[in-house]
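Below is one structure; the comments refer to it alone.
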Amino acid sequence: MREHTTRPMRVVLYVVTALTLLFVNAPLLVTIGASFGAGSYLAFPPHAWSLRWYATFAGSGDWLDSIGNSIAVALGTAACATVLGTLGALGLARLRRRASTALLAIVLAPMIIPHVALAIGLYPLLARIHLVNSYPAVIAGHTVVAVPLVVIVVSAALQNVDAAVERAASSLGASPLQVFREVTLPLVFPGVLGGALLAFTVSFDELELALFLSGPATRTFPLQIWEQVQYELSPLIAVASVLVVVAVVVVLALLALTRSRASTRPAKTRNPAEGHVA
């Protein structure tokens, strides 16, 4: 009797799940279909199918330059946010619960505050030191919104680190830097790598800060899409959007692969005092 009652529930669950996935991904499916249109205007379903706009995109210097700018900014953001976020997560883990909770709320504030408000605050500050319209300005702005993600991911990884292992390394004569390099970092490295990938993704997709902080020479890919929309709504916009989705999916797949390998691989830490694998 129980088996007969659970089977319809499973069917209902599968149907609801399928409908939810279709609802969430329907805009992406429409965008992908529209990118293969042969006409001059964005339409779905296309009146004729063609790779015309993909060829146009591949031959456009402006679009390719904007992709290069976004990759350069995203790499710089990932590097800065990973270092700051990892150190911030370590600092929060060493504080008492009340102090760490209060500071964590401050660290996570850029995730809640509208990015336009952050851009308005960053613009005069960076303009005063003549950094607006440069790569450092865009990287600095993107780092502000990426650091909280790194802190969250690395803090979650630190929850699985046994403090006794770090104390044992210290008792063997290791300095705090050695403990971090030889014990803590290997244990939380999957989290650090995951935070770096998320920071890269956030930077690659960021628009509002780029509107204020970038210039013609540092125009990012999302900014190029936004400017193109202002003048012409062609299937070229859909092609650019598809490429953004592909880039995000690739990064998320790498993140999932990293977590999967980390969960199946036994943790190994090197004894900083004796120099062998424990």
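The number of residues in region 191-245 that are assigned to a helix (DSSP H, G or I), small (Gly, Ala, Ser) and farther than 28 Å from Leu125 by Cβ comes to 5. Which of the numbered conditions does Val147 fail, given that it passes all the others? Conditions: (1) free of Cβ contacts under 8 Å to residues at least 60 places away in the same chain; (2) crowded, with 19+ Cβ neighbours inside 10 Å. Among (1) free of Cβ contacts under 8 Å to residues at least 60 places away in the same chain; (2) crowded, with 19+ Cβ neighbours inside 10 Å, the lone unmet condition for Val147 is (1).
Is it the case that Thr17 is among the β-branched types (Val, Ile, Thr), open to solvent by less than 70 Å² (accessible area, probe 1.4 Å), part of a helix (DSSP H, G or I) and without any contact (Cβ under 8 Å) to a residue 60 or more places away in the chain? Please lay out each step first, then the result.
Details: among the β-branched types (Val, Ile, Thr): yes; open to solvent by less than 70 Å² (accessible area, probe 1.4 Å): yes; part of a helix (DSSP H, G or I): yes; without any contact (Cβ under 8 Å) to a residue 60 or more places away in the chain: yes.
Against the criterion (among the β-branched types (Val, Ile, Thr), open to solvent by less than 70 Å² (accessible area, probe 1.4 Å), part of a helix (DSSP H, G or I) and without any contact (Cβ under 8 Å) to a residue 60 or more places away in the chain), Thr17 qualifies.
Output the residues belonging to region 229-241 that are open to solvent by 20 Å² or more (accessible area, probe 1.4 Å) and either at pLDDT 85 or above or within 15 Å of Gly68 (Cβ to Cβ) (or both).
Scanning region 229-241 gives a single hit, Ser241.
In the condition set (1) under 25 Å from the mean Cα position of the chain (by Cα); (2) in contact (Cβ under 8 Å) with a residue 40 or more places away in the chain; (3) surrounded by fewer than 18 Cβ atoms within 10 Å (Cβ to Cβ), Ala102 is compliant with all but (2). When both residues are 6+ apart or on different chains and their Cβ atoms are under 8 Å apart, which pairs have a first residue that lies in region 36-61 and is closer than 13 Å to Ile237 by Cα, and a second that is among the hydroxyl-bearing types (Ser, Thr, Tyr) and surrounded by fewer than 16 Cβ atoms within 10 Å (Cβ to Cβ)? As it stands, the answer is Phe36/Ser50; Gly37/Ser50, since those pairs meet every condition given. Would you mind stating whether Ile67 is closer than 26 Å to Ala210 by Cα and without any contact (Cβ under 8 Å) to a residue 40 or more places away in the chain? It is false that Ile67 is closer than 26 Å to Ala210 by Cα and without any contact (Cβ under 8 Å) to a residue 40 or more places away in the chain.
Residues that are in a helix (DSSP H, G or I) and either at pLDDT 80 or above or surrounded by 11 or more Cβ atoms within 10 Å (Cβ to Cβ) (or both) within region 164-180 comprise Val165, Glu166, Arg167, Ala168, Ala169, Ser170, Pro176, Leu177, Gln178, Val179, Phe180, listed in sequence order.
The values are calculated or read from the model by the stated rules, or taken from the named source; none is laboratory data. If you're wondering where the values come from, they're calculated on a predicted model, not measured in any experiment. Cβ atoms come from the backbone with ideal geometry, glycine included; neighbour counts cover every protein chain shown. Calculation scope for accessible area: heavy atoms of the full protein, side chains included, ligands and nucleic acids excluded. Shrake-Rupley method; radii C 1.70, N 1.55, O 1.52, S 1.80 Å.
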